[in-house]
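Here is the structure we will look at, set down as structure tokens.
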Amino acid sequence: MRPVIDRDRLAALRAREDDLFVRLHPRSAELAAQARRSLLAGVPMPWMTRWPGSFPVFVDRAQGARFTDVDGIEYVDLCLGDTGAMTGHALPEVAEVVADRARHGITTMLPSPDAVWVGEELTRRFGLPRWQLAMTATDANRFALRFARHLTGRPKVCVMDWCYHGTVDETLAVLDGGRVVPRPGALGPQVDVAQTTAVVPFNDVDALEEALATGEIAAVLMEPALTNIGIVLPEPGYLDAVRELTRRYDALLIIDETHTLCAGPGGCTRAWALEPDMVVVGKPIGGGIPAAAYGMSLALAERLDGPMLGHDIDVAGVGGTLTGSALALAAVRATLSVALRDEDFAVAVPLAERFTAGVADAIAAASLPWHVQRLGCRAEYWFCPPPRTGAEAAAAVDEELDGFMHLWAFNRGILLAPFHNMALFSPHHSEADVDRHAEVFAEAVTALT
Ligand code: PMP
């Protein structure tokens, strides 16, 4: 359902915001022009082109819940590096150990004593007893899938329609009239995803059972709530059914907590007492230093430990020379020692609740058919009533409106996460930050309607 928004009015407002953006950012404009001479599309990484505004804004520094751009403008950061900086930027404790490791050796291919602390802490938080490090959540997902295929001898993975798990080939797939096809925009698929992947709608127990009953599924890889197509929460009993079915059909259940760590120190796995065979965490656990991890049950670990991790493991497809470095482990230890703890969520979650209430009020006041959803310290508004599946959420994507809302907020000193309307809260945000967003959001809605 598309919201009832006058498109001419929207276009006129957008043009005004585009002008304002250009006027506010002369130094970023210069750097953007320069960058186009050496970087593809003028950015170091493709999706940096997806910000609203006619060029990317270049950042100077970030601290806590704020960052400053090269034109000297300070922003409230509700994007927090799309979760990579969920702890808040530039934690002093992390800065200190990173500097120390930089002076005393970053990478050796040998474990550092911090590895022991990290393994124990991840076990304490998520309940899974054996862990491995990876560089990114994408890597962790790829390795988990590789182990799953190896252990089960089955060819396919099952994912949720409109999921996102990083740049994992098998997961860049959606349903199109019941067929598995590459996700719109997926570049040069290396093999037909229909050969590697089963896709099922979130919250659809029957579809999952049908996929599992083929006997082809090595693992179900899923977020406990979808977070990459708005927030789609599981219906009561759904995750229990997923666990029961994966057990019944001998498929592994891999829970990707990369984003849903917003639900608490042990993600939804801990908060909702889930019992995955494997769990993946990434993004914020290194306080911004690239690090990810995947945990597994004892039953899996016992099957993997031994000949499996034998002579050829260096070329087994589970790797990354810089993975598990002393730098990464020191950063994870420092981060998990001072951040993403119960006491941190006790500050951040009420801020997300306040955000949700403010946005819901403005939506209700304007009688718009939009909604705002929250999971822990993450909240997101979407231009439709609460969806049940990823496809329902995808049908409500409205690029024009989305770009306008982002740019309106950005021109008023607030950064939302790109590609969707997500706000993430850290203990470094304040109620005043939330209230400022509520005010800016309500002004945008008034201008539109
Ligand atoms: N899993 C989920 C649920 C994600 O949302 C993402 C990235 N947004 C990833 C994995 C991949 O993380 P990264 O890009 O750091 O590899």
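The values are calculated or read from the model by the stated rules, or taken from the named source; none is laboratory data. Keep in mind it's a predicted model, so treat the numbers as computed, not measured. Note: ideal-geometry Cβ built from the backbone for every residue, glycine included; neighbour counts use all protein chains shown. What goes into the accessible areas is simple: the full protein's heavy atoms, side chains included, and nothing from ligands, DNA or RNA. Shrake-Rupley method; radii C 1.70, N 1.55, O 1.52, S 1.80 Å.
General observations
- Close pairs from the range 163-179: first without any contact (Cβ under 8 Å) to a residue 60 or more places away in the chain, partner more than 15 Å from the ligand (Cβ to nearest atom) and of a type in the set (Val, Ile, Thr), Cβ under 6 Å, at least 6 apart: GLU170/THR196; GLU170/THR197; ALA173/VAL180; ALA173/VAL193; ALA173/THR197; ALA173/VAL199
- Taken together, LEU91, LEU40, LEU10 contain a single residue that is farther than 30 Å from ALA291 by Cα, in contact with a helix residue (DSSP H, G or I) (Cβ under 9 Å, 6 or more places away or on another chain) and away from the ligand (no atom under 16 Å from the Cβ), which is LEU10.
- So ARG101, is it out of contact with any helix residue (DSSP H, G or I) (no Cβ under 6 Å at 6 or more places or on another chain) and not in a loop (DSSP other than H, G, I, E, B): no
- Only one of the listed residues (GLY295, GLY288) is of a type in the set (Gly, Ala, Ser), within 24 Å of VAL332 (Cβ to Cβ), in contact (Cβ under 8 Å) with a residue 24 or more places away in the chain and part of a strand (DSSP E or B). That residue is GLY295.
- Subset of the range 239-252 [in contact with a Ser or Thr (Cβ under 8 Å, 6 or more places away or on another chain) and either under 23 Å from THR87 (Cα atoms) or open to solvent by less than 10 Å² (accessible area, probe 1.4 Å) (or both)]: ALA251
- Counted residues, the range 100-137 - those being open to solvent by less than 30 Å² (accessible area, probe 1.4 Å), out of contact with any Lys or Arg (no Cβ under 7 Å at 6 or more places or on another chain) and within 15 Å of the ligand (Cβ to nearest atom): 1
- Options PRO290, PRO236: the member that is open to solvent by 30 Å² or more (accessible area, probe 1.4 Å) and within 15 Å of the ligand (Cβ to nearest atom): PRO290
- Here THR197 clears all of (1) away from the ligand (no atom under 16 Å from the Cβ); (2) within 13 Å of PRO155 (Cβ to Cβ) except the condition numbered (1).
- Just so you know, in the range 202-229 the residues that are within 17 Å of GLY390 (Cβ to Cβ) and more than 16 Å from the ligand (Cβ to nearest atom) include one that is surrounded by the fewest Cβ atoms within 10 Å (Cβ to Cβ), and it is ASP206.
- Being surrounded by fewer than 24 Cβ atoms within 10 Å (Cβ to Cβ), touching a strand residue (DSSP E or B) at 6+ places or on another chain (Cβ under 8 Å) and more than 19 Å from PRO224 (Cβ to Cβ) holds for only one residue in GLY320, GLY310, GLY358, GLY306, and it is GLY320.
- Exactly one residue among ASP71, ASP77 is of a type in the set (Asp, Glu), buried (at least 19 other Cβ atoms within 10 Å of the Cβ) and on the phi < 0 side of the Ramachandran plot, and that residue is ASP77.
- Here ALA326 clears all of (1) under 30 Å from GLY64 (Cα atoms); (2) under 21 Å from the mean Cα position of the chain (by Cα) except the condition numbered (2).
- Considering (1) in a loop (DSSP other than H, G, I, E, B); (2) away from the ligand (no atom under 16 Å from the Cβ); (3) small (Gly, Ala, Ser), the lone condition that GLY319 does not fulfil carries the number (2).
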